[in-house]
Amino acid sequence: MSFEYFHQSMPETHVIARFYERAVKTGKITENGLPEIKAVPFVEIRIQDTNDIVDRPAKEGDFIRFPYEYQIFKQEKKCSENGTPLTLFAFLDAGQIECCKYRGIFTVEELAGLDSEKASLIGLEAEQKLAEKFLAVQKNNGVISDFEKKEKEYQDKIHQLKSEIQALKSGIRKLKEKQPNE
């Protein structure tokens, strides 16, 4: 068995990697005259007991070198498309978010959906309750949002009717002006 095979099949000790996306300018300009920006996978590599940090665009070899971390990154990206990312949940600190990610929980909805026994078992009981409350409030915000949409529709209709009334008044004035005085 070669060293390369052994090295790739065993996780590196004393090395921690994290994949994430960063918005990067491509150097191109869009038809609107704005710089084109795309999401690029980056990797942050830290070596234990040193201050060395490598933070750069991810290369194909990084995905092979850190397969577990790359799977977490892909799963987080996939889950975030279908829910509220934990990073937007103000009630969790960075450590709690990383704890959730390593347990396969990437969205507020997933955290809230944990049954209380499992949440207690993995030490996220308080966070799970907060996520449930957050989603309940968000559900109520949907009602408010619907009300705001209806209100805007009514305001637009009122504006349209006022314009029509003004046009009718103007038409009446013009007709009166054209009629000879009796």
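The values are calculated or read from the model by the stated rules, or taken from the named source; none is laboratory data. Just so we're clear, the structure is a prediction, and the values are computed from it rather than from any experiment. Here Cβ is always computed from backbone atoms with ideal geometry, including for glycine, and neighbour counts include all displayed protein chains.
General remarks:
- Some residue of the range 81-102 being part of a strand (DSSP E or B), surrounded by 13 or more Cβ atoms within 10 Å (Cβ to Cβ) and either small (Gly, Ala, Ser) or out of contact with any Gly (no Cβ under 9 Å at 6 or more places or on another chain) (or both): yes
- Scanning the range 55-80 for residues that are touching a strand residue (DSSP E or B) at 6+ places or on another chain (Cβ under 9 Å), over 13 Å from residue 20 (Cβ atoms), modelled with pLDDT of 90 or more and not in a loop (DSSP other than H, G, I, E, B) returns 63, 65.
- Subset of the range 31-43 that is hydrophobic (A, V, I, L, M, F, W, C) and in a strand (DSSP E or B) - its residue that is surrounded by the most Cβ atoms within 10 Å (Cβ to Cβ): 43
- Here the range 44-76 is the region considered, the condition is being over 17 Å from residue 103 (Cβ atoms) and basic (Lys, Arg), and the residue that is surrounded by the most Cβ atoms within 10 Å (Cβ to Cβ) is 65.
- Selected residue (criterion: modelled with the highest pLDDT) from residues of the range 116-145 that are aliphatic (A, V, I, L, M) and surrounded by fewer than 12 Cβ atoms within 10 Å (Cβ to Cβ): 121
- Selection status of residue 91, in the same structural domain as residue 129 (by TED's automatic domain parsing) and either more than 23 Å from residue 119 (Cβ to Cβ) or touching a residue at least 40 places away in the same chain (Cβ under 8 Å) (or both): yes
- When residue 113 is tested against (1) surrounded by 10 or more Cβ atoms within 10 Å (Cβ to Cβ); (2) modelled with pLDDT under 80; (3) within 28 Å of residue 19 (Cβ to Cβ), only condition (2) is not met.
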